[in-house]
Structure formats: C-alpha cells, structure tokens
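Novice: Would you mind keeping the following structure in view while I ask a few things?
The values are calculated or read from the model by the stated rules, or taken from the named source; none is laboratory data. What you see is a predicted model, and the numbers here were worked out from it, not measured in a lab. Here the Cβ is made from the backbone with ideal geometry for all residues, glycine too, and neighbour counts use every protein chain on show. When the accessible area is computed, the model is the full protein with side chains, heavy atoms only, and any ligands, DNA or RNA have been set aside. Shrake-Rupley method; radii C 1.70, N 1.55, O 1.52, S 1.80 Å.
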Amino acid sequence: MFRIGDFSRIARVSCRLLRHYDELGLLKPARVEAGTGYRYYSAAQLPRLNRILVLRELGLSLEQIARTLRDDLPAAELRGMLLMRRAETEQAIEAESQRLRQIESRIAQIEAEGRLAADDVIVRGEPARRVLSLRQTVGSFAEGVRILGELVETAPLPGQLVAIAHAAEFEPEGIDVEFGFFAEARSTTLRLADGRVLEPRDLPAVESLATCVRVGPPQQAHLTTARIGQFIEANGYRINGPNREVFLQRPTRGRMDDAVVEMQFPVERASRK
C-alpha cells in the first residue's frame, strides 16, 4: 500500500486529482486509516486510474467515464476510441491550418491591391466534353481538397481531373461540387474501391470561358479568381454558369501545392443599360 503522496509519484498524477476522483467515486482509496483519515492506494489500482485518464483525454464526461468503467471496456476498445479521437484531432488541425493559410493569402491580396494584373486572363471556347464524375455536397473546403486527393489515388484515369462548383454563390460549407475526370466518348460507369461511383455525362459546349492558370496551394485560388473578376468587369462580361477547375498537372498525394489548375468561368456579354 502507498500513502497518497507516494502513489501520486508512482502514477504521475497530482494528489489533488486523486482526491477529486475519490470525491466523485471514480477511484476510491484501497484503504482509509480510521484515526488519521490518511488515504492508501494499491498498485493494483493503476489500471483503473489509467482508464480514467485515457477516457478523460478522449473527451468523455465524468458521467460517461463512470459508465464506461462499469462496463469494463477492454484495452482494444480504448485503442479504437483513441484512433477515432486522433483522426478527429488531425482533421481539426488540418482545418485550422487551412484557415490560417487562407488568412495569410487574403493579407497578401490586401498588400497587392492595385497591382493584381489581369493580363494573363484569356477568353476562349470549350467544346462539349464527356466526364466521369460524382456530384455531392461536401462539408467544407478542406473536405473537398481531401476528396480530390483521394480521387487521384483511387481512380488513376488518364483524363484531366476536373471540379465543377454548381452553386450560384460561394459557400464555405455545404458546397455543391462535382468531381471527376474528362474521359473518352465511349466511357462508362466506374466504381471506386470505396463504393463510390463515377457516372458518365456530357458537359455542354461553352462559347466563352474566362480562364486563368493557378499554380500553388488551393488557399490562394481567390487571387486567381480576383484577376478573372477584374477582367470580366473591365471587358463587359458577366458570369454565365458554374465555374470549373481543370487540373493541367495533377497534385501528388498530400501535396495540392504541386497542382497546376486552370480556373474557368463561363461568361457572356453583359447587356448594356
């Protein structure tokens, strides 16, 4: 048996925390000395303490911890909970990194005000194209980037990768987007390993596309769309349909910065008032 101070040194937790868990009924001392009230703990209590600490770090409430302890979850299930928590944390870190990169890029645009040139924007036509694609609503910009990376890995088709934003306005969440590949006219349905299906469809011809090539991370896409926007306004056009991103050079796994992307906006001449 160990007095509480010695047990805290062995377990590497504070006496204050041990007393707190005692008060909550999560970890009672193995023995309490009647005359002095000294708490004594056993090394056999370390596994239960470790479970409490793990469950607390996994974000469970005290009530949930007590219930889980009663169920006596095996280590394998705790490991599974840890892996889920790790995945959630990694996603949160990636989302925060994306947000910081976006802020940095916006500051760069502010610093470049008045110097954004639109002389690399061109207008051209686009013939009708067959595309193998799937359309879905993604929860965030970061999720869309992740799906693009997965498609590159799971569907190694020869055609150019394309993303089409179908919403009439920009949305940072709940984004209606179509992902796919330009394909040959005879191409048919393709089922991916994860069960998702790329369906063939024909994109109609576009008479006029305002286009500009972006090189670099997707968080800087707004610098390119700003140049396109300046060109559209200065030359009497207006946007007329969903914008596309066509990957002239595909990203490598986990490195969207490697991509070379042509940003495309269908346009038509604005009516004069």
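Novice: Please report, in debye to the nearest 20, how large the charge dipole of the chain is about its Cα centre when each Lys and Arg carries +1 at its beta carbon and each Asp and Glu carries -1 there. If you can, show how the numbers build up before the last one.
Specialist: Working: 39 positive and 38 negative charges, 195 e Å.
Dipole magnitude for the chain comes out near 940 debye.
Novice: Let me ask something else about it. Ignoring ligands, DNA and RNA, what percent of the 1.4 Å accessible area of the chain is carbon and sulfur? Intermediate values should be presented prior to the final figure.
Specialist: On the way: 8410 of 16350 Å².
Carbon plus sulfur share of accessible area: 51 percent.
Novice: Continuing with this model, one more query. May I ask you to give the solvent-accessible area per residue for the chain, in square angstrom, as obtained with a 1.4 angstrom probe? Display every interim value, and only then the final one.
Specialist: On the way: 16350 Å² over 273 residues.
So the chain comes to 60 Å² accessible per residue, rounded to a whole number.
Novice: Then there's this: List the GluC sites (Glu not before Pro) within segment 129-197 that fall in a DSSP loop (any state other than H, G, I, E or B) and whose Cβ has at most 14 other Cβ atoms within 10 Å. All intermediate terms of the calculation are to be shown ahead of the outcome.
Specialist: On the way: sites: Glu143, Glu150, Glu153, Glu169, Glu173, Glu178, Glu184; in loops: Glu169, Glu173, Glu184.
When the GluC sites (Glu not before Pro) of segment 129-197 are filtered for loop state and at most 14 Cβ neighbours within 10 Å, Glu169, Glu173, Glu184 remain.
Novice: Explain nothing, just the number: relative contact order of the chain, from Cα pairs under 8 Å at least 6 residues apart, as a whole percent. Each step should come with its number before you reach the end.
Specialist: On the way: 404 pairs, mean separation 45.0, N = 273.
Rounded, it is 16 percent for the chain.
Novice: Roughly how many nanometres apart are two label points built 7 Å out from the Cα toward the Cβ at Arg31 and Gln64?
Specialist: 3.7 nm
Novice: I need the phi-derived Karplus couplings for segment 166-175: 6.51 cos²θ - 1.76 cosθ + 1.60, θ = phi - 60°, integer Hz, Gly and Pro marked x.
Specialist: Result, ordered by residue: 8, 5, 6, 9, 6, 10, x, 9, x, 8 Hz.
Novice: Follow-up question, since we're still on this one. Considering the options Ile122, Gln220, His166, tell which one lies farthest towards the positive end of the dipole of the chain, charges being +1 on Lys and Arg and -1 on Asp and Glu at the Cβ, about the Cα centre.
Specialist: Going by the Cα projections, it comes out as Gln220.
Novice: Note down the nm distance, to one decimal, between modelled labels 7 Å out along Cα→Cβ at Asp194 and at Ser14.
Specialist: 4.2 nm
Novice: Cα convex hull of segment 203-259: how many Å³ per residue?
Specialist: Numbers: hull volume 5.4 nm³, N = 57.
It comes to 96 Å³ per residue, whole-number rounded.
Novice: Segment 31-83: which chymotrypsin sites (Phe, Trp or Tyr not before Pro) are DSSP loop and have at most 15 other beta-carbon atoms within 10 angstrom?
Specialist: Answer by residue number: Tyr38.
Novice: Taking N as the number of residues in the chain, what is its alpha-carbon radius of gyration divided by 2.2 N^0.38 Å? Could you put the intermediate results ahead of the total?
Specialist: Working: Rg = 28.5 Å, N = 273, 2.2 N^0.38 = 18.5 Å.
Scaled against compact globular proteins, the figure is 1.54.
Novice: Would you compute, from DSSP H runs of 4+ residues alone, the mean residue ellipticity of the chain at 222 nm, taking -39500 (n - 2.57) per run and dividing by the full residue count, rounded to the nearest 500? Walk me through the intermediate numbers first.
Specialist: Values: 7 runs with 105 residues, N = 273.
Dividing the helical sum by the residues of the chain leaves -12500 deg cm²/dmol.
Novice: Measuring from label point to label point, each 7 Å out along Cα→Cβ, what is the Asp6 to Ala75 span in nm?
Specialist: In this crude label model, Asp6 to Ala75 measures out at 2.6 nm.
Novice: Shifting gears a bit: Roughly speaking, what is the stretch gain from Glu23 to Val123, that is 0.36 nm per residue apart minus the C-alpha to C-alpha distance, in nm to one decimal?
Specialist: On the way: separation 100, 0.36 × 100 = 36.00 nm, distance 7.24 nm.
Gain on stretching Glu23 to Val123: 28.8 nm.
Novice: Using only the heavy atoms of the protein chains and a 1.4 Å probe, how would Met81, Met256, Met263, Met1 rank by accessible area, largest first? Numbers along the way, then the final one.
Specialist: Numbers: Met81 50, Met256 30, Met263 5, Met1 135 Å².
Listed by decreasing accessible area, they come as Met1, Met81, Met256, Met263.
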